[in-house]
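First comes the structure, then the notes that go with it.
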Amino acid sequence: MKLKTLIIGAAGGAWLAASATALWAETTMEKIVRTGEMTIAVQTQGPPVSFINKDGDRTGLAVELARMMAADMEVELIIQDYDWKGLIPALSSGKADFIAADMTPTAKRHMQIVFTEPVFYSETIAFAPADAPFTNWQELNSADVSVAATQASSWAETARKKLPEAELKEFAGGTAQAVQAVVSGRASAGLSDKATIAGFMSSIEGLKVLEGEIAQEPLGFATRPDSMHLLLALDNYVRLIHADGRLDAQLDYWWNSTAWEADHK
């Protein structure tokens, strides 16, 4: 009986120790406070949300919002670049504290990560060569049409749902690769958001936007499920900069116009 009691006691003590360790594990926000650094994962090629400008500096809507928050928190912002499909693995593995990108909070993604409230919204549109026979996006839904979209993106998912007859071609490297595929004739048309394509059309001739809005999507940042303090802080910060006008100013510059091109392209 004494040996059995000792075994049970040892097992119970080990369980309590493990529970205490889990209970007192450092949170993401505590790590940021301790190190004085906040690390974000961004898409490598995604103007106007995240890109490298003519001076070789990382900038864009998501980057500048994160930079503004880091400055107000008085911590250093560390920026890590990934292809779109690498963003969630970077977050889940702990390489980044949160994803700062134009990511749609789909049900499937919510199985892995947790999203903030929407920071802004995007309109999904279709684009094609200027001399293409298409007038509206519905005309793309044909077996002899190929549609380009960023790999593992909500645009690719929209193409699957709204254009099931068309051939979907997914490209790593962001919208830039999808645009290049359309321009070079490797795809009949492409899907992206209105703001992003507006930026490409100002510098690339021979593109047109097809009539109609395919979808409207909320876009937000994302954290790991165990980073609730940081998630709440992000939501709170978006409310603060919306109230003081800084969010609208950033959206007007980066998202609702092409004003940023004069300074960065």
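Every number in this text was worked out from the coordinates using simple rules, so none of it is lab data. Small disclaimer: the values here were computed from a predicted structure and weren't measured. No Cβ is skipped: glycine too gets one built from the backbone with ideal geometry, and neighbour counts run over all protein chains shown.
Brief remarks follow.
- 3J(HN,Hα) couplings calculated from phi for the stretch 168-176 with the Karplus curve 6.51 cos²θ - 1.76 cosθ + 1.60 (θ = phi - 60°) are, in sequence order, 8, 10, 9, 10, 6, x, x, 4, 4 Hz; Gly and Pro show x.
- [x] 20.2; [y] 19.3; [z] 18.8, with the label sought being that of the calculated Kirkwood radius over Cα pairs in Å: [x]
- Contour minus Cα-Cα distance for SER93 and SER203 (0.36 nm per residue): 35.9 nm
- Positive dipole terminus of the chain, leading residue within HIS229, SER257, PRO218 (C-beta point charges): HIS229
- Counting 0.36 nm for each residue step from GLU37 to GLN138 and taking away their Cα separation leaves a gain of 31.7 nm.
- Restricting the calculation to Cα atoms, the stretch 122-216 yields a radius of gyration followed by a Dmax of 11.4, 31 Å.
- Cα centroid separation, the stretch 182-236 to the stretch 113-140 (Å): 8 Å
- Built amide H within the under 5 Å cut-off of THR150, gap 5+: ALA156, PHE171
- Calculated FRET efficiency for the pair GLU30/LEU232, C-beta based, R₀ 22 Å, to 0.05: 0.95
- The lysines whose alpha-carbon is closer than 16 Å to the alpha-carbon of LYS161, local same-chain residues fewer than 8 away aside, are LYS108, LYS169.
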